[in-house]
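Trainee: Sharing a structure below in structure tokens format, with a few things to ask.
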Amino acid sequence: MTDPVSPNAVPSDSPSPENTDTPAEAVRRSSLARGLSSTAVLGAGELSQTPIHYGASLREQRVLEDKDGLVDLAHLRVLRLSGPDRLTWLNSITTQKIDALAPGVSTEALVLDPNGRIQGWLKVVDDGEALWAISELATDETLDFLRKMVFMMRVEIDDLSDDYQCFGAVTALPEKLPVTQLWSDPWPHIGPGSASYAQVDLGQSVAGTEHPGLETPFVIGIVKRSELQGLSVRDFDMAGFDAWEALRIAAWRPGRNEVDHKALVGELDLLRTAVHLAKGCYRGQEAVARVHNLGQPPRRLAFVHLDGSGHIAPDPGTEALAEVRGSERGVGTLTSVTVHWELGPIGLAVVKRNLSPEAQLSFEMSDGDRVVGAQETIVVPVREHERVLPARNKDVDARNQHR
């Protein structure tokens, strides 16, 4: 079992990350991270250069939520797309309408497979000369796809992850941080040409006033690593990645943990910020349109309140169990989990669409104990489709005009 506050932390008997860096990993560690070995707990795997917490995760959450904290997001990759065709080209192969993206406007776009499953996820903003993209999901595969699709278009794609570093905050980054480019999270606002699958604002053109994502407007700054020289963690009130994740989960904001090999945009309520339903064709567009206009996504994202009486929580990836037709069955997966400073143990789960929203979930721990959880509906189990009769040519159709 893992401490739910730090599910990605390096175990205490592991070697110190600063003694096991490869040269490439050492380059990608930010200047602010280098001096943190005595106070920061770094992650594992892809998060091996990212400070998970600084010894007080709950306090760090409060600081971040109060708009005073700064999060080192060293694991995020930074891409730069230049050339006069960059916007129209990316518009043609991703889910978002980007061809007319104004400089300084932030959005996000997905790369889908032919069946509409999520394969890549880019947070993008254009500066008038180049498009900056932040990626944390299958970046190498996404880069490979993008480069194969350039053909004769006037586009150049550069991976600047060795030279640039990402930092996150709520509302605004500290003024003393030398930000090259700023990405402001559009979540949970519903973009033009987009739609919500969430119960709290279903059928509305704007996010419902009770959507928790409105409380935490995330921002991510792209900073040149060389300009971090001379700065110290003492110059900022640092918060770990655990605090960032806790606020993300509380905001119902899907992240990379929620994306598996069969994830569809409707299941995660990602249409609201990452998909434009009225743009031109792109790979996977037919699958997105078919689900949106005719069907229902097979799974749905749910918020889970976990029982915290045992002071433990299941690990991300634990199967969600529920009673279905008189017997206990697997109904989905707990994708993200944390202990929130105010809400206690919470998580996000991707469950079967037809599971009753009132069904109690349970999660089996490695020692055989169970932790139960109550669902709060994010994506609705059944979404009504708009049915509009086609316009009629009155010159040739003289049937009852009051139909």
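The values are calculated or read from the model by the stated rules, or taken from the named source; none is laboratory data. All figures in this text were calculated on a predicted structure; none of them were measured in a lab. The accessibility values were calculated without ligands, DNA or RNA, using every heavy atom of the protein model including side chains. Shrake-Rupley method; radii C 1.70, N 1.55, O 1.52, S 1.80 Å.
Trainee: For segment 115-183 and segment 242-265, what is the centre-to-centre distance using only Cα atoms, to the nearest Å?
Mentor: Their Cα centres are 18 Å away from one another.
Trainee: Still on this model: Mind checking which of Val206, Val71, Val111 has the largest fluctuation in a GNM of the chain, springs on alpha carbons under 10 Å?
Mentor: Val206
Trainee: OK, next. Full-extension gain between Val206 and Asn115, please, as 0.36 nm times their residue separation minus the C-alpha to C-alpha distance. Walk me through the numbers on the way to the answer.
Mentor: Details: separation 91, 0.36 × 91 = 32.76 nm, distance 2.84 nm.
Length gained, Val206 through Asn115: 29.9 nm.
Trainee: Tell me, what is the Rg over Rh of the chain, with Rh the Kirkwood radius over Cα pairs?
Mentor: The Rg/Rh ratio comes out at 0.99.
Trainee: Now a separate question. Count the lysine pairs in the chain whose Cα atoms lie under 27 Å apart, taking only pairs 8 or more positions apart in sequence or on different chains.
Mentor: 17
Trainee: Return the carbon/sulfur percentage of the accessible area of the chain, one whole number, probe 1.4 Å, all protein chains in place.
Mentor: Values: 9100 of 18510 Å².
Exposed carbon and sulfur together represent 49 percent of the surface.
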